[in-house]
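Visitor: I'd like to ask some things about the structure below.
The values are calculated or read from the model by the stated rules, or taken from the named source; none is laboratory data. Because the structure is a prediction, the values reported are computed rather than measured. Cβ: placed from backbone, ideal geometry, glycine included. Neighbour counts: every protein chain shown.
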Amino acid sequence: MPIVCDVFDQHIGLTNALLTEDEIHAVKSRYHARRRQIGEIDRLYPLAEDRTQLWEDRIQLVSLLRRYRLALSSHKRLPTEILQQIFLYASAEYDQDLPRPTDPPWLLCGICLSWRHIAITTPALWKSLHFPSRSRLTRAQKLYISQIWLARAGRSGFSLTWVDDPDDLSSPENFVKKVIAPYANKFRYLRLNLTPPDIDALFSLPAGSLDSLEEFHLVYQTGTKPPQFLPSTESPILLFSPRARIRRIRINLTPYIIPSIFCFPWHKLESFRCDSGIESSDCHSMLLSCQALRKLQVRVFGIKNARPLDLEISLPNLTTFAVNLCDEEDYDPFFLPLVTPSLRSLLIFQYAGRPWSPGMYNALVERSKCDLEELYLGTLDAEPLDVLRLFECTPSLTSVTFSHKTTITPEILEKIGRCDIGVNLTQLFLKGTHELDPILHMLELRERSFSTDRGPQGERFSTSPLKFVETHCRQEEVDLHDDRIWKLRDCGFEISLLPEPEDYYQL
């Protein structure tokens with residue numbers, strides 16, 4: 001007894017399209033007709049010699065009945081567009097760092113056929129996939145999941161984080177060939193931690209392959225093997241053409257790199273972070289082309305041997321600048337050509353414990369006419385007089401970090417408390433161990449200098465901008481001044497007293 005299925009039967013229940021009155025009547029009629037067919041099969045089944053075809057027909061009819069019931073269910077009264085918005089809202093804040101079959105959007109695919117169809121045909125649900133650094137999935141499983149996500153993402157700009165786990169003992173997969181190359185024009189955000197063979201395959205892609213990217217992170221996963229170098233004699237890396245949309249790049253490859261080997265559209269970059277070392281002269285040459293930069297983080301070496309640069313390097317849009325100084329040498333020449341009128345945040349990290357250079361800083365601020373708000377000097381040691389001049393030179397500072405060996409005298413703290421200096425400070429980080437009494441006195445002066453408001457629950461809080469201080473103090477001092485600490489905390493001041501001094505080189 002052949003089962004006849006027309007176009008109506010092939011599509012009913014698979015979408016969330018609203019049914020007309022005629023379609024509802026047709027579904028109900030077919031439902032009763034199919035039930036009679038199942039009853040007839042059940043009657044003939046014990047008597048039939050060839051039961052295989054009857055059983056297959058029964059399975060097909062039961063499947064049709066389920067879809068008929070689904071088409072008539074109450075949730076089918078919601079248009080597909082509304083359900084899609086509900087799905088997107090429910091999945092928006094979900095942690096997808098470790099995709100599993102029980103997580104959205106896969107969870108939505110297992111509820112019913114129509115919801116599965118809606119989930120699969122909602123590309124925005126599948127536009128982001130992130131594997132953590134220590135995933136329990138093998139390379140083959142991650143590859144399979146990536147291909148499913150990319151196929152279902154449609155034309156949505158795709159965001160992918162892929163970390164090749166060095167502890168994964170499974171067979172290597174040609175990730176670049178199977179995922180990056182065929183879907184290159186779909187990626188918008190790509191964060192990769194790859195082995196050397198995959199890096200080589202990535203750099204061998206045709207010129208302009210990643211022109212659709214807006215953000216690109218690339219880390220060399222070397223495992224226990226020593227990394228190789230990328231000498232300047234290597235062929236240029238042409239992943240991006242001048243028409244590329246790339247705006248943000250982060251790379252961490254070999255111990256040092258030469259930026260000129262990368263044919264990035266430097267003039268378009270808004271954010272650049274390089275965790276590999278760059279020679280000072282190469283960094284200056286690179287920055288001459290980076291007029292659009294807003295955020296910059298680099299590791300610099302070879303300042304002493306760099307050739308003098310007569311040109312001025314203007315970075316008119318740079319607001320955040322973090323530089324790691326790798327050598328034990330004078331770092332003033334590196335900053336000398338820079339002009340940064342929009343600079344708001346400056347982090348200087350020095351591994352060799354060099355002293356703070358007030359001349360360099362004053363010249364940079366005066367030359368750039370910038371209003372710095374955040375300053376990190378956690379590894380540069382300053383004298384008390386230089387600290388005073390620093391506050392006088394940059395009155396707009398809101399956050400500052402001083403190193404272990406920087407002496408912050410009670411006089412300096414009192415000036416801050418009286419708003420003679422640092423009037424705009426909101427947070428103060430003092431690395432190392434400090435006396436608690438002058439710090440509390442500073443905050444008490446601030447409390448008296450500013451009015452006190454009351455919150456919705458009647459709690460009191462000071463209107464002083466400076467609300468947060470972090471340092472380490474001896475426990476006996478903490479016990480001695482416990483009442484003062486809690487009184488200040490009741491007024492809204494946050495006093496973070498670390499159990500141990502921070503490591504000298506801890507950011």
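Visitor: Taking the stretch 412-453, which residues are part of a strand (DSSP E or B) and closer than 25 Å to C393 by Cβ?
Guide: Of everything in the stretch 412-453, those that are part of a strand (DSSP E or B) and closer than 25 Å to C393 by Cβ turn out to be Q427, L428, F429, L430, K431, G432.
Visitor: Within the set of pairs 6+ apart or on separate chains, which have a first residue in the stretch 279-298 that is under 18 Å from S345 (Cα atoms), a second that is among the acidic types (D, E) and not in a strand (DSSP E or B), and C-beta atoms under 8 Å apart?
Guide: That search, which allows pairs on different chains as well, returns A292/E270; L293/E270; R294/E270; K295/E270.
Visitor: Is at least one residue of the stretch 179-187 assigned to a loop (DSSP other than H, G, I, E, B), farther than 17 Å from R245 by Cα and among the β-branched types (V, I, T)?
Guide: Taking every residue of the stretch 179-187 in turn, none turns out to be assigned to a loop (DSSP other than H, G, I, E, B), farther than 17 Å from R245 by Cα and among the β-branched types (V, I, T).
Visitor: So for the stretch 357-368 (the condition being assigned to a loop (DSSP other than H, G, I, E, B), small (G, A, S) and either buried (at least 18 other Cβ atoms within 10 Å of the Cβ) or under 28 Å from the mean Cα position of the chain (by Cα) (or both)), does at least one residue qualify?
Guide: Scanning the stretch 357-368 turns up at least one residue that is assigned to a loop (DSSP other than H, G, I, E, B), small (G, A, S) and either buried (at least 18 other Cβ atoms within 10 Å of the Cβ) or under 28 Å from the mean Cα position of the chain (by Cα) (or both).
Visitor: Do you know which of the residues in the stretch 259-277 that are surrounded by fewer than 19 Cβ atoms within 10 Å (Cβ to Cβ) and not hydroxyl-bearing (S, T, Y) is nearest to H217 (Cα to Cα)?
Guide: The extreme case among them is R273.
Visitor: Return the residues of the stretch 386-407 that are over 19 Å from N362 (Cβ atoms) and either of a type in the set (K, R) or modelled with pLDDT under 95 (or both); say none if nothing qualifies.
Guide: Hits for the stretch 386-407 are H404, K405, T407.
Visitor: Any residue at all in the stretch 131-142 that is at pLDDT 80 or above, among the polar types (S, T, N, Q) and in contact with an Asp or Glu (Cβ under 7 Å, 6 or more places away or on another chain)?
Guide: yes
Visitor: Now a separate question. Among (1) under 24 Å from V176 (Cβ atoms); (2) surrounded by 18 or more Cβ atoms within 10 Å (Cβ to Cβ); (3) polar (S, T, N, Q), there is one condition S280 misses while meeting the rest; what is its number?
Guide: (1)
Visitor: Take the conditions surrounded by fewer than 19 Cβ atoms within 10 Å (Cβ to Cβ), within 23 Å of I439 (Cβ to Cβ) and touching a helix residue (DSSP H, G or I) at 6+ places or on another chain (Cβ under 7 Å) and apply them to T394. Does it pass?
Guide: No, not satisfied.
Visitor: Right, here's the next one. Pick from L388, L372: which is surrounded by 17 or more Cβ atoms within 10 Å (Cβ to Cβ), among the aliphatic types (A, V, I, L, M), assigned to a loop (DSSP other than H, G, I, E, B) and at negative phi?
Guide: Matching residue, one of L388, L372: L372.
Visitor: Does D482 satisfy the condition of being among the acidic types (D, E), surrounded by fewer than 12 Cβ atoms within 10 Å (Cβ to Cβ) and at pLDDT 90 or above?
Guide: yes
Visitor: Check off (1) of a type in the set (D, E, K, R); (2) crowded, with 16+ Cβ neighbours inside 10 Å; (3) closer than 26 Å to V339 by Cα for K415 and give me the number that stays unchecked.
Guide: (3)
Visitor: Right, another one. Taking the stretch 6-35 as the search range and keeping residues that are at pLDDT below 80 and polar (S, T, N, Q), which one is surrounded by the most Cβ atoms within 10 Å (Cβ to Cβ)?
Guide: Step by step, filter the stretch 6-35, then rank; the result is N16.
Visitor: Ok, one more. Looking only at the stretch 23-77, filter to residues that are among the small types (G, A, S) and under 57 Å from the mean Cα position of the chain (by Cα); which one of those is nearest to H117 (Cα to Cα)?
Guide: A71
Visitor: Could you pull out the residue among I3, I38 that is among the aliphatic types (A, V, I, L, M), surrounded by 10 or more Cβ atoms within 10 Å (Cβ to Cβ), closer than 30 Å to I120 by Cβ and at pLDDT below 80?
Guide: Checking each option against the conditions leaves just I3.
Visitor: Between residues in the stretch 442-464 that are at pLDDT below 85 and residues that are of a type in the set (K, R) and surrounded by 15 or more Cβ atoms within 10 Å (Cβ to Cβ), which pairs lie under 8 Å by C-beta distance while being six or more apart or on different chains?
Guide: S462/R446
Visitor: Take the residues of the stretch 404-443 that are among the charged types (D, E, K, R) and touching a Ser or Thr at 6+ places or on another chain (Cβ under 8 Å): which is nearest to C491 (Cα to Cα)?
Guide: In this case the residue turns out to be R418.
Visitor: May I ask you to say which residue of S289, S342 is among the hydroxyl-bearing types (S, T, Y), under 27 Å from L205 (Cβ atoms) and assigned to a loop (DSSP other than H, G, I, E, B)?
Guide: S289
Visitor: Residues of the stretch 314-328 being closer than 20 Å to G277 by Cα and surrounded by 17 or more Cβ atoms within 10 Å (Cβ to Cβ), which ones?
Guide: Selection gives T320, F321, A322, V323, N324, L325, C326, D327.
Visitor: So, V469, is that one in a strand (DSSP E or B) and closer than 28 Å to S345 by Cβ or not?
Guide: Against the criterion (in a strand (DSSP E or B) and closer than 28 Å to S345 by Cβ), V469 qualifies.
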